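The values are calculated or read from the model by the stated rules, or taken from the named source; none is laboratory data. Just so it is clear, the structure is predicted and the values come from calculations on it, not from any experiment. Here the Cβ positions follow ideal geometry from the backbone for every residue, glycine too, while neighbour counts run over all protein chains shown.
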């Protein structure tokens, strides 16, 4: 993915009037047309840059569309948000699985996930250290040894693929959520670094989601049957049981008729 900064933009004052209604709102003292070379043949980013007294870092550029978002923007946002959301959801599952595994490897697990709290990278490092200690000790049962070896393999695989770093870029990126500019986002890190990243596609995001899904699958297999688990019925949603239908009926009629509704629904049995 290409990374850009202020110097990568080509400015040409006067190419297009900055206060032209379709290109910038009136009222700004200075305006420039710029073209951002994305490094791809299928699109370039062209817009009007309005320059206030405080310009700031180009990576922190505020992006707007004159006249407000249009339907193409909303459609792009649905696709972009769905892709980012999948990464966020699956990565959260990975984090929780790492916490479970850290607790299973502890000598006296408390049963509270909050006791294994930490950011994504920190959880990976903690799980890796704990697993290596178990393997080095060599005194636990075969199941614990196998789990520890599996954790080491899974976490080291994810680190080689930089899944955590790529997840952070996507989840913490500031995205240009408008159609016609490609997939562009700014990244601001805790160490003070910032840059603008562009020249990619939504496939990059879905690839990270797929990697996270594989990561979660590998970690969940290591948890096995050692954690409280709720199993949903095979084949998808099923018709509610008599007890569930009774609860729904009681809720529908209110507290005053709850007892009679429960009695009628519970004795009726499944429909059909």
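Figures for the structure shown
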quantity	calculated
Single residue of 181, 208 found to be modelled with pLDDT under 90, buried (at least 18 other Cβ atoms within 10 Å of the Cβ) and either assigned to a strand (DSSP E or B) or in the same structural domain as residue 93 (by TED's automatic domain parsing) (or both)	181
Sole exception among (1) surrounded by fewer than 18 Cβ atoms within 10 Å (Cβ to Cβ); (2) assigned by TED's automatic domain parsing to the domain that holds residue 95 for residue 151, by number	(1)
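Residues are listed down the side, and each one gets a yes or a no for (1) farther than 17 Å from residue 168 by Cβ; (2) modelled with pLDDT under 90; (3) surrounded by 15 or more Cβ atoms within 10 Å (Cβ to Cβ):
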residue: 91; (1), (2), (3): no, no, yes
residue: 95; (1), (2), (3): no, no, yes
residue: 98; (1), (2), (3): no, no, yes
residue: 116; (1), (2), (3): yes, yes, yes
residue: 120; (1), (2), (3): no, yes, yes
residue: 133; (1), (2), (3): yes, no, no
residue: 136; (1), (2), (3): yes, no, no
residue: 140; (1), (2), (3): yes, yes, no
residue: 157; (1), (2), (3): yes, no, no
